[in-house]
Amino acid sequence: MGDFAKSEMLKRLPRQYFSYLAKRKNELKAQYEDIIDLGVGNPDLPAPEFIVEELKAAADDPINDQYGPATGFDYLKEAVAEYYLREYGVELDPKTEVAILHGSKAGVVEVSQCLLNPGDTVLLPNPSYPDYLSGIGLAGAKIAELPLLEANLFLPQYGQVDEQTAEAAKLLFLNYPNNPTSAVATPEFFAETVAFAKQHHICVAQDFAYGTIGFDGERPLSFLQTPGAKEVGVEFFTLSKSHNMAGWRMGFAVGNASVIESLNLLQDHIGCGYYGGIQRAAAKALTGDQSSVRNLTATYERRRDLFLKELESTAFKFNKPKGSFYIWLKAPEGFSSEEFMEYLAREVQVLVAPGDGFGSLGAGYVRISLAHSEERLIEAAKRLAQLKI
Ligand SMILES: Cc1ncc(COP(=O)(O)O)c(C=O)c1O
């Protein structure tokens, strides 16, 4: 017996950028002592205690040892609807407008499989979170890029999409607050999105993974707060960042009922439900006290300010993030993203994520994650500031 060949579908999968990065980072970590890794966006703080307690209590309930409903418990869908109404004033029918997901990553991959056939066109921002490529690759769809430029506050310009591409497009990915650029959406931009999507019959998949993390008193907008949004799309939410529950992999999609139905159909065949204890704890997270969420956002804002204060009087160029927990830093003239990453590791033992891993227009940038203690962030920023750039 020899090896078994991969299917054509698997061969279409893109290189997993974060896996590649992890390998290079491990090499650098082995090479240098006391390296500070600001490359990965893995929340560093624990989940709130009352949520963990709920999980522990749920583990004692034998109902959770049995198979649950394939697309999740109704009580969790109701908790999601309660959350959106309370936090955003958005009404959702928990039966038809909420899909429970194995993390929002699973959802943003599945939505491509739900809506795209081989050769179909998808509008994808450049740069963007690399995992959208996984679903697009599995579906065998074609990408038409939407440039995200600093001059346009990293928002796509629909006026620049040619008519033929707009007519061919079936799906459009958005992600605000944005990873990696940390840009946020405006009400006008979301209104333009709805108009564009309606005109060309495109489904909008807005990834709201950093939905609770907005700074300077500005709360990030939910796409569904835009009039008409539900007719044209869905929003993906996750407890990974809002409630420090990344390892729990609990997310959901809300919005357009036909897309929710397709997501549920696919999940009925693939995932077939989630551990009930996690669902019970997730419901508690959504309906319980949200002060930990607000405190966490304040923590990221303080970290942002402390980090950037050290860089204020240097030649480094960056935009002060308005949301998410990333800083999108310009590499100095003459450096590619990867060269700058290697340079920082070598000279000051700080690791960052090269921007071109998020798309060709990320070239010349690196991404810094604030998911680290104040002490380490200040130390890293001081090391950067001492460079003669
Ligand atoms: C933009 C974006 N979307 C989705 C995810 C995945 O989140 P989840 O943990 O819910 O799968 C991440 C995680 O880093 C992200 O940055």
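The values are calculated or read from the model by the stated rules, or taken from the named source; none is laboratory data. Computed from a prediction, not measured in an experiment: that's the story for all the values here. Note: ideal-geometry Cβ built from the backbone for every residue, glycine included; neighbour counts use all protein chains shown. Note: accessible area is taken over every heavy atom of the protein model, side chains too, but ligands, DNA and RNA are not part of it. Shrake-Rupley method; radii C 1.70, N 1.55, O 1.52, S 1.80 Å.
The criterion of at least 2 residues that are of a type in the set (Ser, Thr, Tyr) and within 11 Å of the ligand (Cβ to nearest atom) is met by the following helices (runs of 4 or more DSSP H) wholly inside the range 172-254: 239-242. In the range 268-275 there is at least one residue matching the filter, namely being in a helix (DSSP H, G or I) and either within 15 Å of the ligand (Cβ to nearest atom) or surrounded by fewer than 20 Cβ atoms within 10 Å (Cβ to Cβ) (or both). Pairs meeting the criteria (first residue in the range 276-290 and open to solvent by less than 10 Å² (accessible area, probe 1.4 Å) and at pLDDT 95 or above, second residue part of a helix (DSSP H, G or I) and polar (S, T, N, Q), beta carbons under 7 Å, at least 6 apart or on different chains) are 276/64; 277/64. Among the conditions (1) open to solvent by less than 70 Å² (accessible area, probe 1.4 Å); (2) at pLDDT 95 or above; (3) part of a helix (DSSP H, G or I), residue 78 misses just one, which is (1). So in the range 137-156, with the set limited to residues that are in contact with a helix residue (DSSP H, G or I) (Cβ under 9 Å, 6 or more places away or on another chain) and assigned to a loop (DSSP other than H, G, I, E, B), which one is surrounded by the fewest Cβ atoms within 10 Å (Cβ to Cβ)? Out of the qualifying residues, it is 149.
Select from the range 355-372 the residues that are outside any helix (DSSP H, G or I) and touching a Leu at 6+ places or on another chain (Cβ under 9 Å) and list them in ascending order. Talk me through it step by step, then tell me what you get.
Filtering the range 355-372 for residues outside any helix (DSSP H, G or I) gives 359, 363-372.
Within the range 355-372, 359, 365, 366, 367, 368, 369, 370, 371, 372 qualify.
Residues in the range 164-207 that are open to solvent by 10 Å² or more (accessible area, probe 1.4 Å) and on the phi > 0 side of the Ramachandran plot: 201 only. Kindly indicate whether residue 85 is without any contact (Cβ under 8 Å) to a residue 12 or more places away in the chain and under 25 Å from the mean Cα position of the chain (by Cα). Yes: the conditions hold for residue 85.
Within the range 209-227, residues that are at negative phi sit with their Cβ atoms under 6 Å from residues that are polar (S, T, N, Q) and part of a loop (DSSP other than H, G, I, E, B), at 6+ positions apart or across chains, in these pairs: 210/324; 213/324. Restricting the range 92-136 to residues that are open to solvent by less than 20 Å² (accessible area, probe 1.4 Å) and of a type in the set (S, T, N, Q), the residue that is farthest from the ligand (Cβ to nearest atom) is 121.
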